[in-house]
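The values are calculated or read from the model by the stated rules, or taken from the named source; none is laboratory data. Because the structure is predicted, anything quoted here is derived from the model rather than measured. Every residue, glycine as well, gets a Cβ built from its backbone with ideal geometry; the counts of neighbours run over all protein chains shown.
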Amino acid sequence: MSATAPSLRDLAKTLGLSHTTVSEALRDNPRVKPETRQRVRAAAEAAGYHYNPLAGALMSEMRRSRTTTFRGVIAMVDLDGPHGRAPTSARYHRELSKGAIERAAELGFKAETFIVGHDGMTPQRLDTILQSRGIRGVFILPVSENPDFTKLNWANYAGIYTDYVIEHPALHNICPNHYRAMLMALQRLHKLGYKRPGLVLQEHHDVRLLHRWEAAYWSHQTYYNNEKSKVPVFLPPEIERAGFSKWFKKHNPDVVLCHRTEVMDWMRECGAKIPGTHGFCCLNTMMNPDIPCAGLNLQPRLLGARGIELVIGQLYRNEYGIPDLPSTTTVPALWIDGPTVSDMNKP
């Protein structure tokens with residue numbers, strides 16, 4: 001065997017087959033006879049030929065788009081659909097998608113959305129479309145429940161999930177660093193003089209994130225607050241006025257950390273003046289951008305961009321299938337100053 005690996009045309013010539021047949025055989029196309037596919041794969045392995053699965057999709061798209069910069073398509077899979085999520089969550093998804101689309105374009109790829117589930121196609125139909133178009137990269141948008149994508153033939157794909165946690169199948173994932181973000185917010189508030197922070201989370205949200213918000217909160221309480229100043233987490237199935245007001249009046253936190261900005265109205269109904277006597281920290285400022293708040297920017301656009309980079313990296317390394325050891329990549333949050341907190345150290 002020569003030191004230089006043969007080209008596809010060299011392999012085809014040696015086997016006495018057309019380069020199209022060899023290409024289709026290496027893609028495991030069922031239109032090629034099984035015995036031919038086996039013979040081609042054996043010859044390719046013996047000759048040291050490494051098939052680039054992006055090449056077929058690249059040439060096909062180049063012929064359609066007449067461009068030399070295109071490198072492939074990434075499927076952005078949306079399980080909820082535009083009508084299946086709350087407006088507050090939709091803003092976060094839009095920013096995440098924008099980051100993915102923009103970064104994909106910078107790297108020569110097109111990120112194309114596929115809606116799967118109640119509002120769209122079945123996973124089986126998606127699998128057929130992706131295989132027919134030669135799309136090998138799958139970028140799964142966050143969903144409220146643990147998603148199930150076991151119907152896809154993952155031997156053909158490199159994929160990533162953009163949230164905690166995916167188990168069906170267990171893929172690589174990328175998400176905000178919720179634990180570090182909570183600690184950063186609490187440390188900022190502590191420096192501003194807040195002594196009795198109170199955390200408000202919907203129970204389902206806390207479980208879905210593997211209790212990372214809550215764990216960081218209690219860690220901070222252990223090191224910075226004495227027993228008398230510790231405020232229990234308000235963790236109801238649904239966050240509503242009556243339950244919140246009862247918790248707030250009983251424990252009187254001097255700053256509330258929560259995703260939901262309407263709790264500020266409930267705080268005022270209980271006599272709080274924001275930011276005079278009490279503060280409010282929004283755990284995701286992207287959810288209500290029209291209401292100025294101090295809090296955390298979880299950087300969904302950056303998360304989308306980094307997620308696309310991870311998928312493309314897998315494609316270039318020919319890493320397909322369900323990973324043996326799935327990994328988690330985290331993106332740090334940014335603290336956003338806002339009018340809902342003040343320096344309580346000033347007289």
(Q) Name the single residue that is nearest to ILE166 (Cα to Cα) among those in region 106-140 being crowded, with 21+ Cβ neighbours inside 10 Å, within 19 Å of the chain's Cα centre (by Cα) and not β-branched (Val, Ile, Thr). (A) PHE139
Q: Considering every residue within region 154-162, establish whether at least one is of a type in the set (Ser, Thr, Tyr), touching a Ser or Thr at 6+ places or on another chain (Cβ under 9 Å) and closer than 30 Å to ASP290 by Cβ.
A: no
Q.
Checking the structure you have, find out if any residue of region 272-288 is of a type in the set (Phe, Trp, Tyr) and under 23 Å from ALA75 (Cβ atoms).
A. no
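Each row is one residue, and each column tells you yes or no for (1) in contact with a Phe, Trp or Tyr (Cβ under 8 Å, 6 or more places away or on another chain); (2) over 14 Å from TYR320 (Cβ atoms).
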site: VAL143; (1), (2): no, yes
site: ASN146; (1), (2): no, yes
site: TRP154; (1), (2): yes, no
site: TYR157; (1), (2): yes, no
site: THR162; (1), (2): yes, yes
site: ALA170; (1), (2): no, yes
site: ASN173; (1), (2): yes, yes
site: ALA181; (1), (2): no, yes
site: MET184; (1), (2): yes, yes
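Condition check ((1) free of Cβ contacts under 8 Å to residues at least 12 places away in the same chain; (2) in contact with a Pro (Cβ under 9 Å, 6 or more places away or on another chain); (3) not hydrophobic (A, V, I, L, M, F, W, C)) across all residues:
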{"residue": "ILE140", "(1), (2), (3)": "no, yes, no"}
{"residue": "TYR157", "(1), (2), (3)": "no, no, yes"}
{"residue": "ILE160", "(1), (2), (3)": "no, no, no"}
{"residue": "ASN173", "(1), (2), (3)": "no, yes, yes"}
{"residue": "TYR179", "(1), (2), (3)": "no, no, yes"}
{"residue": "LEU186", "(1), (2), (3)": "no, yes, no"}
{"residue": "TYR194", "(1), (2), (3)": "no, yes, yes"}
{"residue": "GLY198", "(1), (2), (3)": "no, yes, yes"}
(Q) When the residues of region 167-205 are narrowed to those that are crowded, with 19+ Cβ neighbours inside 10 Å and part of a helix (DSSP H, G or I), which ends up nearest to the chain's Cα centre (by Cα)? (A) HIS178
Q. Given (1) in contact with a Leu (Cβ under 6 Å, 6 or more places away or on another chain); (2) more than 30 Å from ASP148 (Cβ to Cβ), where does LEU235 come up short, assuming only one miss?
A. (2)
Q | Flag for TYR194 being in contact with a Gly (Cβ under 8 Å, 6 or more places away or on another chain) and assigned by TED's automatic domain parsing to the domain that holds PRO123 | A | no
Q: Kindly indicate the residue of region 248-265 that is surrounded by 21 or more Cβ atoms within 10 Å (Cβ to Cβ) and over 32 Å from the mean Cα position of the chain (by Cα) and also nearest to TYR194 (Cα to Cα) among those meeting that condition.
A: PRO253
Q) Which condition number in (1) modelled with pLDDT of 80 or more; (2) surrounded by fewer than 16 Cβ atoms within 10 Å (Cβ to Cβ); (3) more than 20 Å from ALA155 (Cβ to Cβ) is the one that THR20 fails? A) (1)
Q: Within region 274-289, count every residue that is of a type in the set (S, T, N, Q) and within 16 Å of TRP335 (Cβ to Cβ).
A: 2
(Q) I'd like the full set of residues that are surrounded by fewer than 15 Cβ atoms within 10 Å (Cβ to Cβ) and more than 31 Å from the chain's Cα centre (by Cα), limited to region 225-238. (A) ASN226, GLU227, LYS228, SER229
Q.
Just checking, does region 213-221 include any residue being outside the structural domain of GLN124 (by TED's automatic domain parsing), under 20 Å from LEU96 (Cβ atoms) and modelled with pLDDT of 95 or more?
A. yes
Q: Only residues that are surrounded by 15 or more Cβ atoms within 10 Å (Cβ to Cβ) and closer than 30 Å to THR285 by Cβ: list them for region 314-334, please.
A: PRO326, THR329, THR330, VAL331, ALA333
Q: Could you tell me which residue of region 152-166 is surrounded by the most Cβ atoms within 10 Å (Cβ to Cβ), considering only residues that are closer than 19 Å to GLY313 by Cβ and over 14 Å from the mean Cα position of the chain (by Cα)?
A: ALA158
Q. For SER342, are the conditions met, namely being at pLDDT 95 or above and either closer than 30 Å to PHE139 by Cβ or under 27 Å from the mean Cα position of the chain (by Cα) (or both)?
A. no
Q.
Going by what's in this entry, would GLY99 be described as modelled with pLDDT of 85 or more, buried (at least 19 other Cβ atoms within 10 Å of the Cβ) and in contact with a Gly (Cβ under 8 Å, 6 or more places away or on another chain)?
A. yes
